[in-house]
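> Below: one structure in structure tokens.
The values are calculated or read from the model by the stated rules, or taken from the named source; none is laboratory data. The structure presented is a predicted model; accordingly, all values stated were derived computationally and were not measured. As a convention, Cβ positions derive from the backbone with ideal geometry for all residues, glycine included, and neighbour counts pool all protein chains shown.
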Amino acid sequence: MDTKKKGDLVINGSGASNGGQFHLVTINGSGTINNDVECIEFECNGSGTFNGNVLTERAKVSGHARFRGNFESKKLTIDGSTKIDNNLSVEKLKISGRASVGGSVKCDEIKLEGRFIVGEDCEAEIFKAESQFTIGGLLNADQIDIKIFGECFVKEIGGQTITVKQKGSLIGNLFKPLFKTQLETELIEGDIIELENTIAKVVRGNEVKIGPNCQIGVVEYTGEFLMDKNAVVAESRQV
């Protein structure tokens, strides 16, 4: 992608573009891009609708953005609201606002502090979350570190090191009867697994620690198994 000599696309009021190759794309007002966009820098501070695919090196959404195609970037930061209809491929993803992806997500590193919804699989090397999220398929990462802040759902989880703990907060402690702070999944499979506030049908691992407020159907372990007195495990077996 050689866009160094290309011009900039800046929409400050209300406008539309047919897309193309640019150095910088900035939406400060209300803008619509009707075809594919390639650029080095991408910013959406206002309201943007992108009807094609977006390929960029660095992107930030502080306003509201709707992408009807695929989104690909080296770095994506979302402070506002973003909806991607198809697939997301990013090396580093940070979400402090709200984002939804209709297809799959592939990243090197994911850091969540906001709301995240994925329709299909989510793949990363590092997945860190202090937020609410929903993943309709498999969450697969080498390192998974989840601090639950609200209700989270993943169909299946796979990784090497998997840690799920409740994120402590004064509001959460005061309103525990009103808000669910738990992770729900069908399967968790990894090497080292430590869980709190988790509902799972099956947990498989080498070293497995089931902490407080867990409800597990079956635990299968090859090495060590520990269970908190405030956890419920229907069946455990060493394999």
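> Quick check on my filter: what residues within the range 219-231 are exposed (fewer than 15 other Cβ atoms within 10 Å of the Cβ) and over 21 Å from Ala141 (Cα atoms)? Reasoning before the result, please.
The initial filter retains those residues of the range 219-231 that are exposed (fewer than 15 other Cβ atoms within 10 Å of the Cβ), namely 222-224, 226, 229-230.
Answer for the range 219-231, where residues must be exposed (fewer than 15 other Cβ atoms within 10 Å of the Cβ) and over 21 Å from Ala141 (Cα atoms): Gly223, Glu224, Leu226, Lys229, Asn230.
> Hey, another quick one. Within the range 100-123, does at least one residue satisfy the condition of being out of contact with any Leu (no Cβ under 9 Å at 6 or more places or on another chain), among the acidic types (Asp, Glu) and under 30 Å from Asn28 (Cβ atoms)?
yes
Table: residues versus (1) at pLDDT 95 or above; (2) hydroxyl-bearing (Ser, Thr, Tyr); (3) surrounded by 12 or more Cβ atoms within 10 Å (Cβ to Cβ).
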{"position": "Phe175", "(1), (2), (3)": "no, no, no"}
{"position": "Leu178", "(1), (2), (3)": "no, no, no"}
{"position": "Thr181", "(1), (2), (3)": "no, yes, yes"}
{"position": "Thr198", "(1), (2), (3)": "yes, yes, yes"}
{"position": "Val202", "(1), (2), (3)": "yes, no, yes"}
{"position": "Gln215", "(1), (2), (3)": "yes, no, yes"}
{"position": "Glu235", "(1), (2), (3)": "yes, no, no"}
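> Taking into account only those residues within the range 1-54 that are over 19 Å from Leu76 (Cβ atoms), part of a loop (DSSP other than H, G, I, E, B) and among the small types (Gly, Ala, Ser), which is nearest to the chain's Cα centre (by Cα)?
The residue in question is Gly29.
> Within the bounds of the range 105-114, is there any residue that is over 11 Å from the mean Cα position of the chain (by Cα) and within 20 Å of Ile193 (Cα to Cα)?
Within the range 105-114 (the criterion being over 11 Å from the mean Cα position of the chain (by Cα) and within 20 Å of Ile193 (Cα to Cα)), the answer is no, since none of the residues qualifies.
> Tell me yes or no: at least one residue of the range 94-107 is charged (D, E, K, R), touching a residue at least 12 places away in the same chain (Cβ under 8 Å), out of contact with any Lys or Arg (no Cβ under 6 Å at 6 or more places or on another chain) and assigned by TED's automatic domain parsing to the domain that holds Glu38.
Checking the range 94-107: not a single residue is charged (D, E, K, R), touching a residue at least 12 places away in the same chain (Cβ under 8 Å), out of contact with any Lys or Arg (no Cβ under 6 Å at 6 or more places or on another chain) and assigned by TED's automatic domain parsing to the domain that holds Glu38.
> May I ask you to verify whether Ala124 is closer than 15 Å to Ile95 by Cα, modelled with pLDDT of 95 or more and not in a loop (DSSP other than H, G, I, E, B)?
So Ala124 fits the description; yes.
> Which residues, taken from the range 141-162, are over 19 Å from Arg98 (Cα atoms) and surrounded by 19 or more Cβ atoms within 10 Å (Cβ to Cβ)?
Listed by number, the residues that qualify are Ala141, Ile144, Ile157, Gly159, Ile162.
> Further question on the same structure: Does the range 37-89 hold any residues that are of a type in the set (Val, Ile, Thr) and crowded, with 22+ Cβ neighbours inside 10 Å, and which are they?
Val37, Val54, Thr56, Val61, Ile78, Thr82, Ile84
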